[in-house]
Amino acid sequence: MKKFLIPAVLGVLVLIAVDWYFILAANNSYEEKIQILSVMIEEADNGVDSLVTSSELLKGVRESSGEAGREKLRAYGYLEDGRNWFQLERERTIRNTLVLSVLTFFLYLLALAGVAAQCKKQQRQELWNLSQILDKLSARDYALDIPERLDDRARQIDRVVGQLQSLSEQLRYHEEQLIREKEETRSLVTDISHQLKTPVAGLKACFEILNQGDLSSEEEEEFLEQCTKQLGGLEALVGSLVNISRMETGMIEIHREPADILETLVAAVNRVYLKAQEKQIAIEFEETEDLEATVIPHDVKWICEAFINILENAVKYSPSNTQIRIRMMKRTTFLRIELEDQGMGIPREDYHKIFKRFYRGESEEVRKQEGSGVGLYLTREILERHGGSVTVSSRYGKKQPGSTFVVQIPY
């Protein structure tokens, strides 16, 4: 109610000013009439016709104070209170003005009270709307319907409601993120348990047979080799899981520093060279253009890891006596690197799936090979954190199958 005190005070001041003006006008009118009457009495005593005197007064021709006439009126008692009609009219005008002012002031106060009541009602409505919004947010209902209004106070309320709407969007995003993370965690646990099932089952079977104690030395050596093989698979799986965890939780930081990308690629080739040599697979560079001293800002360690994952898959899924060709081509804003193998190929519907975590394909040929299905996933994550990308195309099902992985790294 305090904000209506100033309009009320201003209303009082305006009414006082108006009353003062009308009272002053009534007094002036009274004085002018008495003066005209005094002049007419004074001139009548001097033998001048009253009609001529009044006509000259109205035209402004005659100027007289009429003191003699005023004294005569006073002597007869006509200037005393309540003794002449002009004075009664003045008092009636002043009284009516005061009564009308008081009535107008009370009507003004009633109007202010009505506006105050309406504002208070609107405020209660706005508070109720805000409470409804908060109840909806508490009930995880993030769809807010906010009508647009034009007055300043409503816009201030709408700013608060807009902030609540922004909060609701953030809450909805975080809830969806939590749900997504929950589903991903469930999927991760399922995938890990699936990946662990085979090597653990193999180890269990080998140890059960070894514990029987009725095996020859050759058989014991064979089962021990199987145990070593399964343990190696478990070690590789755990290492891959650690890398995934560190990558997804931000523990792995990419440090991009200017370095020769060709040297990084050669280092990756050297890491898979022995495996390729065992299958008599040749890894060859095709020099399509001058690529000496191709310096690109990148994290040497992790880009090398990304190339190793692609090359290991190429060696693993390619038959013996084949080739892996590597081509590097400069583009306007990035370097394009193609790694082409002569392996079994990839179905078109699996082009995007192979970069998902733990995906290894459905074919029997893929299932026969060892692997955890995280290498290409890590490759994609590493390249995306460098602002690059990796895609694949394949000649699956043709006479000369094979796949081509295309890596793009921005300058």
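The values are calculated or read from the model by the stated rules, or taken from the named source; none is laboratory data. Since we're looking at a predicted model, the values are computed, not measured. Methodologically, a virtual Cβ is constructed for each residue, glycine included, from the backbone with ideal geometry; neighbour enumeration extends over all protein chains shown. For accessibility, only protein heavy atoms count, side chains too; no ligands or nucleic acids. Shrake-Rupley method; radii C 1.70, N 1.55, O 1.52, S 1.80 Å.
Worth pointing out:
- Any hit, the range 82-96, residues being modelled with pLDDT under 75 and open to solvent by 80 Å² or more (accessible area, probe 1.4 Å): yes
- Residue in the range 289-301 that is closer than 17 Å to Arg336 by Cα, hydroxyl-bearing (Ser, Thr, Tyr) and outside any strand (DSSP E or B) present: yes
- Hey, Asn313 at pLDDT below 90 and assigned to a helix (DSSP H, G or I) or not: yes
- Flag for Arg325 being assigned to a strand (DSSP E or B), within 23 Å of Gln277 (Cβ to Cβ), open to solvent by 50 Å² or more (accessible area, probe 1.4 Å) and modelled with pLDDT of 85 or more: yes
- Selection count where residues are of a type in the set (D, E, K, R), part of a helix (DSSP H, G or I) and within 48 Å of the chain's Cα centre (by Cα), scope the range 258-281: 2
- Within the range 385-399, residues that are free of Cβ contacts under 8 Å to residues at least 60 places away in the same chain and more than 17 Å from Tyr317 (Cα to Cα) have Cβ atoms under 9 Å from residues that are hydrophobic (A, V, I, L, M, F, W, C) and open to solvent by 70 Å² or more (accessible area, probe 1.4 Å) in no pair, counting only partners at least 6 apart in sequence or on another chain.
- Criterion applied to Glu225, Glu253 was being among the acidic types (Asp, Glu), open to solvent by 30 Å² or more (accessible area, probe 1.4 Å) and at pLDDT below 80, and the one residue passing it is Glu253.
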